[in-house]
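The values are calculated or read from the model by the stated rules, or taken from the named source; none is laboratory data. As the structure is a computational prediction, the values presented were derived from the model and not from experiment. For neighbour counting, all protein chains shown are included, and Cβ atoms are generated from backbone atoms with ideal geometry for every residue, glycine included.
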Amino acid sequence: MKRLIFGVVLLTALSACNKEATVTETTDEETADAIIANESDGSMDAVIPFKRVELNPDETSKLLGKKENDTLYITNFWATWCPPCIKEIPHFREKMTELKSQPVKFTFISLDPKEDWDTKVKAFAEENGLSENVVLLDGSTLTPAFFPANFKDWDGGSIPFTFMRKGDKTDETVGMMSMEALTEKINSFK
């Protein structure tokens, strides 16, 4: 049954991967414990070896949860097989470099199949200077309850998906973001 659900989600994501972005801004009073993914200093010069960090759904929920600090957390769900996902990565990389001295943390959650983690995901992360920012999530472990428990609008049906959180304030974007949209959303948290 899990494989069927994952297959349907994957098929939907493949066909809907290029949907136009929709946005929801919310305030959430729920609190979750935090885990921190490896953080980069924003340097894109040297090739940093990919360090395989796998999260389960509960750890992912904690990563997405409210934190009692002044940091903006930007989490992007993506896959190497998704052209819009790959197309928006340079925008995120530019923002990572621009904001490296500010309290902003970028995490890229790969939804690639497990068999691609040590090949395609590793190569992409290393080639794009994202080795310390990419974490892996096995989409087949996600239940339908995961999405409404963590998001207001995203049902897991398409990627890319970007979730931003600073304290109680959140922002969700389903679909690819332009540099202008990404800049506007980040600035809305200042």
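If you go through the range 71-100 and keep only what is at pLDDT 95 or above and in a loop (DSSP other than H, G, I, E, B), you end up with Thr71, Ala79, Thr80, Trp81, Cys82, Leu99. For Lys169, the conditions (1) farther than 17 Å from Lys105 by Cα; (2) touching a Phe, Trp or Tyr at 6+ places or on another chain (Cβ under 8 Å) are fulfilled apart from (1).
Summed over the range 49-66, the residues that are surrounded by 19 or more Cβ atoms within 10 Å (Cβ to Cβ) and basic (Lys, Arg) give a count of 1. Restricting attention to the range 143-190 and to residues that are out of contact with any Lys or Arg (no Cβ under 8 Å at 6 or more places or on another chain) and small (Gly, Ala, Ser), the residue that is farthest from Lys95 (Cα to Cα) turns out to be Ala145. Among the candidates Thr143, Thr173, the residue that is surrounded by fewer than 17 Cβ atoms within 10 Å (Cβ to Cβ), in contact with a helix residue (DSSP H, G or I) (Cβ under 8 Å, 6 or more places away or on another chain), outside any helix (DSSP H, G or I) and β-branched (Val, Ile, Thr) is uniquely Thr143. A single member of Ser110, Ser131, Ser140 is among the small types (Gly, Ala, Ser), within 15 Å of Glu54 (Cα to Cα) and over 16 Å from the mean Cα position of the chain (by Cα), and it is Ser140. Does Ala32 fit the bill of being hydrophobic (A, V, I, L, M, F, W, C), assigned to a loop (DSSP other than H, G, I, E, B) and either at pLDDT below 90 or farther than 24 Å from Lys185 by Cβ (or both)? Taking the combined requirement at face value, the residue satisfies it. Search the range 101-129 for residues being charged (D, E, K, R) and assigned to a helix (DSSP H, G or I), and hand back the single one that is surrounded by the most Cβ atoms within 10 Å (Cβ to Cβ). Residue satisfying both the conditions and the ranking: Lys122.
Of everything in the range 44-70 that is assigned to a loop (DSSP other than H, G, I, E, B) and of a type in the set (Val, Ile, Thr), the residue that is nearest to Thr173 (Cα to Cα) is Val53.
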